[in-house]
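Some notes on the structure that comes next.
The numbers here are math on the coordinates, done by the rules we state, and not lab data. Not measured: the values here are computed from a predicted model. A quick note on method: Cβ atoms are made from the backbone with ideal geometry, for glycine too, and the neighbour counts reach across all protein chains shown.
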Amino acid sequence: MNLKILYILIFSVYSYSIAQPTQTPFKIGEKLEYKIHYGPIDAGIAELNVGSINNQYQFIAKGRSTGIFKLFFKVDDFYQSQVNPITLKPNYFFRDINEGGYEKIEKVFFNYEKNQAESTRDTISLHDNTQDILSIFYYLRAQNHKQMEVDSVIALQVYLDDKFMCSNLRYLGKDSIKTKFGVLSSTKWAPELAVGRIFKDPEDLVLWISDDSNKIPLSLEAKIRVGSIKMDLVNFEGLKEPLGFISKKK
């Protein structure tokens, strides 16, 4: 299981507007933790944290395999993005990943004066409103997607591996979802997937996002060629606003 795929799927769901954020729906100290299942097996844990460094936001994402799954496929991933607190544009991106024996370390500096991304392997021109795979998650949480209509399709591009990845996202409307914390109002999304080695259908994944001012991922379900993947929010702290419960678990 490649946790990079899960990060891409989570972060891609927020691409709606490229306007400069007017307010942030998160604060320093926010922590989100997710449990990942491969079929009936507990496969891993993913974490998202908001901190600060040198008067910038510091976003950190970590993923690791757990339990019996770790015996077959070890995952230990670390992502970091340092971001301007006003524009939410990234200044520096770092990742250190180990996925089933595949290891990679990447450092990227975003040079806006020269309009280029300078990595450990290459230098490429920046696109408008450049975001890396981690910063886009927080940048687009600050955007307003309340005016979207059901079945609207929107575009996404994210910097990773010395190139920009492009995809589409379909808004499926409002929903409610049962979590370990209670029933929550949510919005439902289907990122367009690349059919091939992992996915059989371009819409084999559905993601539920809290329909409140936090806009955090609550659950993900994906059908893959061999089995299925499910991811659920299991812990959170430091949210800027309360979650939008329909009914809270006692």
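In terms of modelled amide H atoms, which long-range or inter-chain residues lie less than 5 Å from the amide H of Asp162?
none
Please tell me the relative contact order of the chain in percent, rounded to the nearest whole number, where contacts are Cα pairs under 8 Å and at least six residues apart.
Result for the chain is 20 percent.
On a C-alpha basis, how far is the centre of the range 145-172 from the centre of the range 61-94 in Å? Whole number, if you could?
That distance is 21 Å.
Given a cut-off of 18 Å, name the pairs among Lys27/Lys215; Lys188/Lys223; Lys62/Lys89; Lys27/Lys248; Lys174/Lys215; Lys62/Lys107 whose C-alpha atoms lie farther apart than that in the structure shown.
Distance filter (> 18 Å) returns Lys62/Lys89; Lys27/Lys248.
For the range 51-63, just list the computed ³J(HN,Hα) in residue order, Karplus coefficients 6.51, -1.76 and 1.60, θ = phi - 60°, integers in Hz, with x standing in for Gly and Pro.
After applying 6.51 cos²θ - 1.76 cosθ + 1.60, I find x, 9, 7, 6, 6, 10, 5, 10, 9, 10, 10, 10, x Hz.
Ile105 to Ala155: extension gain in nm, 0.36 nm per residue of separation minus the Cα-Cα distance?
Taking 0.36 nm per residue and subtracting the Cα distance, the gain is 15.2 nm.
Within the chain, what's the longest stretch lacking GluC sites (Glu not before Pro) that sit in DSSP loops with no more than 12 other Cβ atoms inside 10 Å?
1-112
Tell me which label goes with the value of Cα extents along the principal axes in Å computed from the coordinates here: [x] 52, 42, 33; [y] 67, 44, 32; [z] 76, 39, 31.
Comparing each candidate, only [x] matches the computed number.
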